[in-house]
Amino acid sequence: MPFSLEDLRKARQALTQFRSTSLSPHHERYSFPFFAGSYFAYRKVDVLRVVAIARAISPSPSYLDVGCGYADFLKCIREFIPSAEGIEKDGGIFYGLGIAKPEYIRIADAHWIDKKYDMIFVGWMEPGQDFRDPVARETDVIVTTLDQGISLAAEFDGHDFRKVAWWRTPSWEDVNTEIMNRIYTKMPDDRRAGLTKMRGAHNLWYIYSRPAKAGIVKEALRKQAEQEPVDSYDFENVLDECGYAYLQKLENLAAPEPLWQVQWD
Ligand SMILES: C[S@@+](CC[C@H](N)C(=O)[O-])C[C@H]1O[C@@H](n2cnc3c(N)ncnc32)[C@H](O)[C@@H]1O
């Protein structure tokens, strides 16, 4: 579902307006994830896990982010893997709005992935998009993030991959709802407390590997997770304030695992 240029322009105007009254420079990444953040709410621990797995496959891994948008997550990965690349179908998000396209993003459909990568990352993808075949063909290790309700197109078990591990984090919507309830909406304290108990966290990270590399992937992730938490990004304060702390357990029965805790398959 490419965005229409008109929609993108309107959204960018809304972001400019939001900035004029916003109470934190970090709120916009959850209210305007496409322009200012990502659809999955991540911490530095997520970046470091992904990097650790990629480096276990190769000391200078080749890495591709599919459907990278403006590359918010990819830029974090490039701090550690400077050769990491992105592929994005919709050139209009750059050219239509006069935004410079970084040279490490190729404008093309994911069906045209045409070389091998040590790791392919498929961040939050719209329902209806299914490029499992080209992704599975060109790598042995896949990291996906997906919304809990829309998982099929991100499941690679049927492509000779093994799900090695997974963990749960909030999506931008979960965090945005919390920010709006806590900070930008006037309501009685008891109602706000009631809504907070219903907090959800619908974003799942799946780590897939070809069976032959599953041991290496698992070991790299285990070692990395043992060192956590290490460093953090400034914007993680918003997650802490909204009750999405590292290893936080929510009261919502639909999200029973502590957030960010690695679950082994
Ligand atoms: C929901 S946005 C997510 C962007 C980014 N991954 C994030 O999480 O913030 C999905 C992105 O995937 C791109 N996309 C959709 N289908 C694609 C395809 N077949 N090949 C490459 N990119 C695609 C869209 O244009 C859009 O930028």
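A few comments on the model shown:
- In summary, the aspartates and glutamates within cross-link reach of LYS116, defined as a Cα separation below 20 angstrom excluding same-chain residues under 8 places away, comprise ASP65, GLU85, GLU88, GLU103, ASP130, ASP133, GLU138, ASP140, GLU155, ASP157, ASP160.
- For the chain, the mean residue ellipticity at 222 nm estimated from helices alone is -9500 deg cm²/dmol, where every DSSP H run of n ≥ 4 contributes -39500 (n - 2.57) and the total is divided by all residues, rounded to the nearest 500.
- Relative to the Cα centre, the charge distribution of the stretch 165-265, modelled as +1 at Lys and Arg Cβ and -1 at Asp and Glu Cβ, gives a dipole magnitude of about 340 debye.
- Dipole magnitude (debye, nearest 20) for the chain, charges at Cβ of Lys, Arg, Asp, Glu: 220
- Taking 19 Å as the straight-line reach from the Cα of LYS75, the lysines in range (excluding those fewer than 8 positions away in the same chain) are LYS44, LYS89, LYS101.
- Percent of beta bridges antiparallel (DSSP, the stretch 22-264, rounded to nearest 5): 55
- Environment charge at VAL164 (Cβ cut-off 12 Å; Lys +1, Arg +1, Asp -1, Glu -1): +3
- Summarising the label geometry, the points placed 7 Å from Cα in the beta-carbon direction at SER83 and ARG191 lie 5.6 nm from one another.
- Peptides 25-33, 10-18, 90-98 ordered by packing proxy, namely the average of other Cβ atoms within 10 Å per residue, highest first: 25-33, 90-98, 10-18.
- Listed from fewest to most Cβ neighbours within 10 Å, the set SER20, SER62, SER83 follows the order SER20, SER83, SER62.
- Nearest-0.05 FRET efficiency for LEU253 and ALA100, computed from C-beta distance (R0 45 Å): 0.50
- Arranged from fewest to most other beta-carbon atoms within 10 Å of their beta carbon, LYS115, LYS218 become LYS115, LYS218.
- Here's the picture: charge each Lys and Arg Cβ at +1 and each Asp and Glu Cβ at -1 in the chain, and of PRO211, ALA165, ALA14 the one pushed furthest to the positive end of that dipole is ALA14.
- Ranked list, fewest to most other Cβ atoms within 10 Å of each Cβ, for ILE150, ILE53: ILE150, ILE53
Coordinate-derived values only; no laboratory data. Predicted model, so just to flag it, every value in this text is computed and none were measured. No Cβ is skipped: glycine too gets one built from the backbone with ideal geometry, and neighbour counts run over all protein chains shown.
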